[in-house]
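One structure is given here, and the rest of the page talks about it.
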Amino acid sequence: MKRNLVGDRNAQLFVRFRVLFNSRFYYPVLAILFLDLGLSAEQYTLLNFVWAITIVVAEVPSGVLADRIGRRPLVIAASAFMVAEMLVLAAAPQNGGLLLFLFCLLNRMLSGLAEALASGADESLAFDALAAEGRQGEWPNVLARLMRWQATGMVVAMLVGSAVYDPALMSRAAMLIGLPLQFDLSTTLRFPIYINLLTAACVLLISLRMVEPARPDPHSMPSTRDAIRSVADTARWIAGNPLVLFVIIGGLLIDSVIRVFLTFASAYYRMIDLPEASFGLIGASLAGIGILVSPLARQLVLTGSLLRTYALLALVALFGLGGVALDVVHWGVVFTLPLAAAIAAVGFAVSHYLNLAVESRHRATVLSFKGLAFNLGYGFASLLFAMALRAYRDTGSAHEGLAGALGLLPVWLGFTAAVLMWVFRRHRKTLLIQA
């Protein structure tokens, strides 16, 4: 007899929701999309700063709200915000000056709100439904299925998004099927947005089908004041724990500079004269790096100290960023491989060390705080990058401005890594622990 349980329903819908929510068809052309719309490089960077800060500001209140009114309303709201963000971007006037910037600003704020509202709420809906049926042991199977489908979804989004963005490729495709159409960039730049608008509508329909599992004890939910006090207590505990503090700060320093580069990756590919149609292949290859890096990262954290692990990952990131700064035509893309490997390994290492160092009763709050810190670090790095872009743009061309700003990324990482080591020099023995 076929089961018709809430746990099965929510688990299946959770996988579909997460795959479609994260498979953004504009990701392989993210930077050049905003630049081709008419934004400057520094405006685009400031928008990324706003996106990150929106997530930081909304993360904790959304978590408290989820505890008070349930997870399903937040997942539905996140889906609605995703639809809204894509509608705003689809309607943004190309080369519209201040009006274009305001449209894109609204898009980034809606996107940040969608990320913050969905963060953890979708997962909680699926896990809590299984737990309510005594089936929490099936959760690893759900995660394994999610990883497979997410990898597939990301590859499809990367390949399709970059292909439909290329006007020459779309014109040739139209001729092959007998349509005498010629596309230009002003038309094709919105194709990834339109496809993503369709997936956003699917995400909304999926969220409406999810079911809120019954709470075992509605009166056990923390009050807003208790939730805020818990966050403050966790922040004080982290500040007083040098090991955990080093794990978070060291991780975000490496992660933030690589993420800044990745948000400009498509602009960098164009700068080194790669065709737009290749961006999806590159993005899909970089996404697959994580699969290869995972066993190597596991071996690294299990056989070496925390200090050695972070030092090695920082050196790999410095090598990649230094290579990118050389502005090598075509072959410069090779230097993106160590960057993809480093950011994947950093995520693995941070998760490993935090789960090792934090007690179970504090783990969820500490991991949430880590997410806040990483987004704040990315926002700050984006702000500095925008300032560098503006400074270089005032003394040269847009190409020279981007090349100059990218050249500062390895300098920034080297400087902050040195400062981090100086600050934690008294705790060297603590950081030389075996994982």
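Assorted remarks:
- Size of charge dipole - segment 1-143 - debye, nearest 20, with Cβ of Lys, Arg +1 and Asp, Glu -1, no other charges: 420 debye
- Segment 1-102 - accessible surface per residue (Å², probe 1.4 Å): 39 Å²
- Placing +1 on the Cβ of every Lys and Arg and -1 on the Cβ of every Asp and Glu, with no other charges, gives the chain a dipole of roughly 1100 debye about its Cα centre.
- Computed from phi, the 3J(HN,Hα) profile of segment 29-35 under the Karplus parametrisation 6.51, -1.76, 1.60 (θ = phi - 60°) reads 10, 3, 5, 5, 4, 5, 5 Hz, with x in place of Gly and Pro.
- Stokes-Einstein D (µm²/s) once Rh is taken as the Kirkwood radius of the chain over alpha-carbon pairs, at 37 °C in 0.692 mPa s: 143 µm²/s
- Close amide H contacts of S305 (hydrogens built in the peptide plane, cut-off under 5 Å, sequence separation of 5 or more or a different chain): none are found.
- Segment 37-91 shape via C-alpha gyration tensor axes, a/c threshold 1.5: oblate
- Top positive-direction residue, dipole computed over the chain with Cβ charges, set S368, T152, A84: S368
- Average accessible area per residue (Å²) across segment 248-296 - probe 1.4 Å, nucleic acids and ligands excluded: 34 Å²
- Rounded, prolate or oblate (a/c below 1.5 giving rounded, otherwise prolate when a/b exceeds b/c) for segment 69-217 by Cα gyration tensor: oblate
- When the solvent-accessible area of the chain is split by element, carbon and sulfur atoms take up 68 percent of it, the probe being 1.4 Å.
- Loop sites in segment 87-147: chymotrypsin sites (Phe, Trp or Tyr not before Pro), DSSP, at most 13 other Cβ within 10 Å: none
- In order along segment 291-298, phi translates into HN-Hα couplings of 5, 6, 6, 3, x, 5, 5, 4 Hz, rounded to whole numbers, per the Karplus curve 6.51 cos²θ - 1.76 cosθ + 1.60 with θ = phi - 60° and x for Gly and Pro.
- For GluC sites (Glu not before Pro), no site in segment 1-102 is both called loop by DSSP and has at most 15 other Cβ atoms within 10 Å.
- Helix-only [θ]222 nm of the chain, DSSP H runs n ≥ 4, -39500 (n - 2.57) each, per residue, nearest 500: -27000 deg cm²/dmol
The values are calculated or read from the model by the stated rules, or taken from the named source; none is laboratory data. All values reported here derive from a predicted model rather than from experimental measurement. Cβ: placed from backbone, ideal geometry, glycine included. Neighbour counts: every protein chain shown. Ligands, DNA and RNA are stripped out before the accessible areas are found, and what is left, the full protein with its side chains, is counted by its heavy atoms. Shrake-Rupley method; radii C 1.70, N 1.55, O 1.52, S 1.80 Å.
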